[in-house]
Every structure is written in structure tokens, then in C-alpha cells.
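In what follows, a single structure is set out as C-alpha cells and then discussed.
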Amino acid sequence: MKIVEAVKTESDAETISRKLTLNAKGNTLYADIWRFGVNTALRISDLLTLTFDDVQGERLVITEGKTGKTRSIKLNTSAKTLIGRRRAAHPTHAYLFQVDSNRAKGKAVSRIAVANAFKAVGDEMGLALGTHSMRKTRGWLMHSGGKSIELICKVLNHSSPAVTMAYIGITQAEVDATYDDFGF
């Protein structure tokens with residue numbers, strides 16, 4: 001399995017969103033998937049099966065495919081706005097991220113299509129982007145914003161903080177730098 005990176009700045013995350021829209025000639029589908037994925041930290045398998053019925057007021061209630069656990073995720077303003085915009089633009093869609101092509105009418109966008117769109121933008125930016133990059137980015141931005149590893153572990157639904165640290169890409173160089181930052 002190829003290792004993908006977390007995007008480590010909000011500015012780069014925003015650039016990815018813009019490039020996804022540009023590469024799709026104005027279609028916001030992949031940019032919306034990117035934004036929603038970073039905002040909710042869902043696994044791609046859960047993200048692509050979301051329906052508008054999964055939205056219950058201010059929350060998204062799903063059963064995770066990987067763990068079988070029910071999750072209730074509070075939707076932030078950005079996620080709610082995205083859902084409202086997609087619902088208004090596609091009132092007949094069942095899936096939040098549904099395609100309109102004749103071959104896949106009525107189906108959610110495929111993981112392969114998303115992976116290809118992300119990879120193309122990653123190649124442009126010199127980043128190893130993939131479908132897990134959204135979750136990793138959410139975790140990294142929380143970490144750099146001062147949130148505890150234990151809280152990030154809970155948000156990502158990981159089994160331990162050690163898994164979370166490896167997942168978001170805390171490097172040996174970053175650990176080493178703490179020795180310079182906190183000497184007396």
C-alpha cells in the first residue's frame with residue numbers, strides 16, 4: 001500500500017480544494033469531497049456511501065463500515081453549508097457525492113475516481129495525496145492547533161494514541177526539534 005501524506009497547512013488544504021475544482025473544469029464534486037472529508041475526518045469508504053438521509057439536523061449519524069460502530073458527528077458550519085449547497089444543486093440525488101454520468105447514474109462516485117483526482121493534484125503540488133489524506137490532514141491540523149493526541153485519537157476513532165501519532169505523520173525530526181525548543 002502506498003503511503004499518503006497529511007497536508008500540514010490550511011493554506012495547502014485550500015489550494016488542493018481550488019485545484020480539484022480547476023482540474024474538473026469547474027465541477028466541485030472532488031473539491032467538496034476533499035472539504036467534507038477534512039471537516040468530518042471520515043474514512044473514504046464511509047464518506048462515499050453518505051446519503052442525505054444520514055444528515056440528522058446538526059449531526060451526521062452513520063455506522064462505520066470498518067468498525068461497525070455507530071458514530072454521531074457534529075457538523076460544523078462549513079460541512080452544513082456544503083451539504084445545503086449540494087442538496088440544492090442535486091435535489092434528486094440520494095448520495096451526498098453522487099455522479100451524473102450515464103454509466104453510473106444513481107451511484108456514488110467511486111473510490112478510484114476520487115483517488116485519481118487527488119493523486120493528480122498531489123503530483124502538481126509535490127505531495128503524496130490519496131483518499132486517506134483528508135483524515136490525516138484533519139488530525140494534523142488538530143495537532144498543530146494544540147489539541148491533544150488523545151482527543152485526535154478519539155476523533156479519528158483509533159485504538160491508541162500511538163496509532164494516531166504514526167497516522168498523522170509525526171516525524172522523528174519533529175520529535176528531535178522539541179529538545180531544542182524546551183531546553184533550559
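Find all pairs meeting these conditions: Cβ atoms under 6 angstrom apart; at least six residues apart or on different chains; first residue within the stretch 1-12 and crowded, with 17+ Cβ neighbours inside 10 Å; second residue of a type in the set (Phe, Trp, Tyr) and not in a loop (DSSP other than H, G, I, E, B).
Hits for this filter: 6/140; 8/140.
Against the definition (over 14 Å from the mean Cα position of the chain (by Cα) and either modelled with pLDDT under 90 or not hydrophobic (A, V, I, L, M, F, W, C) (or both)), how does residue 132 come out, yes or no?
No.
Restricting attention to the stretch 13-45, report how many residues are surrounded by fewer than 22 Cβ atoms within 10 Å (Cβ to Cβ), within 18 Å of residue 143 (Cβ to Cβ) and of a type outside the set (A, V, I, L, M, F, W, C).
Total meeting the criteria: 1.
Check every one of the helices (runs of 4 or more DSSP H) wholly within the stretch 1-69 and list those with 3 or more residues that are modelled with pLDDT of 95 or more, farther than 14 Å from residue 130 by Cα and in contact with a helix residue (DSSP H, G or I) (Cβ under 6 Å, 6 or more places away or on another chain).
Result: 29-40.
Which one of these is under 21 Å from residue 33 (Cβ atoms) and hydrophobic (A, V, I, L, M, F, W, C): 114, 163?
Numbers: 163 fails: under 21 Å from residue 33 (Cβ atoms).
Unique residue meeting the criteria: 114.
Give me the pairs: first residue in the stretch 52-74 and within 17 Å of residue 158 (Cα to Cα), second residue part of a strand (DSSP E or B) and basic (Lys, Arg), beta-carbon distance under 8 Å, and six or more apart or on different chains, which are they?
Hits for this filter: 62/71; 63/71; 64/71; 72/59; 73/59.
If the requirement is being over 17 Å from the mean Cα position of the chain (by Cα) and surrounded by 14 or more Cβ atoms within 10 Å (Cβ to Cβ), which of these qualifies: 97, 52?
52
Which residue pairs have Cβ atoms closer than 7 Å, lie 6 or more positions apart in sequence or on different chains, and pair a first residue in the stretch 170-183 that is over 22 Å from residue 147 (Cβ atoms) with a second residue that is loosely packed, with under 10 Cβ neighbours inside 10 Å?
Note: no pairs meet the criteria.
Please find, among 74, 69, 80, the residue that is within 17 Å of the chain's Cα centre (by Cα), surrounded by fewer than 12 Cβ atoms within 10 Å (Cβ to Cβ) and over 19 Å from residue 110 (Cα atoms).
74
Answer yes or no as to whether residue 131 is under 29 Å from residue 31 (Cβ atoms), surrounded by 12 or more Cβ atoms within 10 Å (Cβ to Cβ), in contact (Cβ under 8 Å) with a residue 24 or more places away in the chain and touching a Phe, Trp or Tyr at 6+ places or on another chain (Cβ under 7 Å).
So residue 131 passes the test.
Identify all residues within the stretch 137-153 that are over 13 Å from residue 10 (Cα atoms) and either of a type outside the set (Val, Ile, Thr) or over 17 Å from the mean Cα position of the chain (by Cα) (or both); write none if there are none.
146, 147, 148, 149, 150, 151, 153
The values are calculated or read from the model by the stated rules, or taken from the named source; none is laboratory data. Just so you know, these numbers come straight off a predicted model, no measurement behind them. Because the Cβ atoms are built from the backbone with ideal geometry, glycine has one as well, and the counts that use them run over all protein chains shown.
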